[in-house]
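What follows is calculated from the coordinates using simple rules that are stated; it is not laboratory data. These figures come from a predicted structure and were not determined experimentally. Note that we place each Cβ from the backbone using ideal geometry, even for glycine, and neighbour counts take in every protein chain shown.
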Amino acid sequence: MTLRSRSLALASGAVVALALTACGGGSDAGSGTADATNPYGLQTPGTLRAGTLTDAPPNVYLKDGKFTGFDNDLLTAVAAKLDLKVEFVGTEFSSLLAQVKTRKFDIGSSSVSITEARKKTVDFTNKYDFGFLGLDVPADSAITSFDQLAGKRVAVVQGTVQDDYATRENLDPVRVPDYNAALNQLRAGTADAWITPAEIGEKTAGDSGGKIKAVAKQLDPGGIAYAVAPDNDALREAINTGIDEVVADGTWAKLQKQYYPSREIPADFVPGSGKGASSAAAASSTTAP
């Protein structure tokens, strides 16, 4: 039995419920109707419409007119296991989860950290990645750690776990819509620091010509997953199956090395359901700390 056949069988139990949801007079214009030819209730049968960002390398970004980055390339590989194509659409992170909930997008791909608050808006697939909070500052700054941020103006992208951290730690957040705006706050001197996904912060600092430096990072305990609408169990389970497949065939490990060549993989991190754990372990053993 092919993976698509297994996924169709898995989805069949949820088709009736999804169809009732799609046809029940909801206000979500453009929501797909689940049926035998469209078991995941996609807006366009056979095409996974993914909301993502344009400015967050190496995770998700636009390069030469193409959406790429670790999260997006992994999603493309996962979709291929399900015989689906992916249509990426750029958006702002602050609105991404709401757009997934209302089915403007079938899925959200943007290194989305799992939090209890976000579970009230969307459902999450199994974890496919982990993340660190990073700290970027101007090159002449004396700030070297997170515990020096009290009383400082700290740039964060609105709605992110970095925003959550700043709020939880009673900092003075400067909330902006995207990563470019956060970087501009540092350049203009209107923010003293920027809390960012560590990989993005490190790349930004490396590309700044010495004007920005990445000074600290700490593990984000939530884990990272794709976001789907809360009533689309069929799609969520199919994506989970696809994640296991790309872990097992080595694609996950290959993309880790491509996009994060020097990132240490935590010893206890297992992507997906754990069925492909051996491939993850192999990636960890060959990834430099």
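Stretching Asp83 away from Asn170 to a fully extended chain increases their span by 26.7 nm, per 0.36 nm per residue minus the current alpha-carbon distance. Using the empirical formula 2.2 N^0.38 Å as the baseline, the Cα radius of gyration of segment 26-131 reaches a ratio of 1.04. The Rg/Rh ratio of segment 172-217, with Rg taken over Cα atoms and Rh as the Kirkwood radius over Cα pairs, comes to 0.91. In a fully extended conformation the segment linking Thr190 and Ala98 would gain 30.2 nm over its present Cα-Cα distance, using 0.36 nm per residue. With kT/(6 pi eta Rh) evaluated at 4 °C and eta = 1.567 mPa s, and Rh the Kirkwood radius from Cα pairs, segment 145-289 diffuses with a coefficient of 75 µm²/s according to Stokes-Einstein.
Give me the Debye-computed log₁₀ of I(q)/I(0) at q = 0.11, 0.17, 0.18 Å⁻¹ for segment 76-232, equal point scatterers on Cα only, no solvent, two decimals. The calculated log intensity ratios at q = 0.11, 0.17, 0.18 Å⁻¹ are -0.46, -0.99, -1.07. Among beta bridges from DSSP that stay inside segment 131-220, the antiparallel ones total about 65%. Taking the Kirkwood radius as Rh and the Cα radius of gyration as Rg, segment 131-220 has a ratio of Rg/Rh equal to 0.91.
Only the Cβ atoms of Lys and Arg (+1) and of Asp and Glu (-1) were treated as charged; on that basis the dipole of segment 131-220 about its Cα centre amounts to roughly 200 debye. Assuming charge only on the beta carbon of Lys and Arg (+1) and of Asp and Glu (-1), the dipole of segment 134-289 about its Cα centre is about 480 debye to the nearest 20.
Label-to-label distance, Lys254 versus Thr115, with points set 7 angstrom from Cα along the beta-carbon direction: 3.5 nm.
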